[in-house]
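As structure tokens, the structure follows; a few thoughts come after it.
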Amino acid sequence: MSSMAAQSLLEKTLAETIGEDRTKALDDALKYFGLTRDNMHEINSRYKRMMKILHPDAGGTTEAAQLAKNHYDIVASAQPFRPATEADYQNIE
């Protein structure tokens, strides 16, 4: 499947799953994090890096941290469910 066809399928699936308004919200949230639908799987690491700067305990503001959390929730909820694998438990202490 070409990347254009995959992108089109993803857009159609997202629109059907989360609705047109949520699709726009997802695009806005991805833009906030500097991500695209092609690399939205990087949301966890990008969010953690940003929160190290935006969190009030790190010198940021409550409003900035809440905005990041709201955008994170939108992106995280749009990702397909992936069952945990053995590799997910490798680094748990």
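The values are calculated or read from the model by the stated rules, or taken from the named source; none is laboratory data. This one's a predicted model, so the numbers in the text were calculated from it and none came from an experiment. No Cβ is skipped: glycine too gets one built from the backbone with ideal geometry, and neighbour counts run over all protein chains shown. Note: accessible area is taken over every heavy atom of the protein model, side chains too, but ligands, DNA and RNA are not part of it. Shrake-Rupley method; radii C 1.70, N 1.55, O 1.52, S 1.80 Å.
Between D57, D38, D21, which is open to solvent by 100 Å² or more (accessible area, probe 1.4 Å) and at pLDDT 90 or above?
The conditions single out D57.
Report every pair of residues separated by at least 6 positions or lying on different chains whose Cβ atoms are under 7 Å apart, first residue within the stretch 30-43 and closer than 15 Å to L67 by Cβ, second polar (S, T, N, Q).
From the stretch 30-43, the pairs are L30/T36.
Here are some conditions: (1) in a helix (DSSP H, G or I); (2) modelled with pLDDT under 90; (3) of a type in the set (K, R); (4) open to solvent by 100 Å² or more (accessible area, probe 1.4 Å). R82 meets all but one. Which one does it not meet?
(1)
Which of the residues that make up the stretch 51-79 are of a type in the set (S, T, Y) and assigned to a helix (DSSP H, G or I)?
T62, Y72, S77
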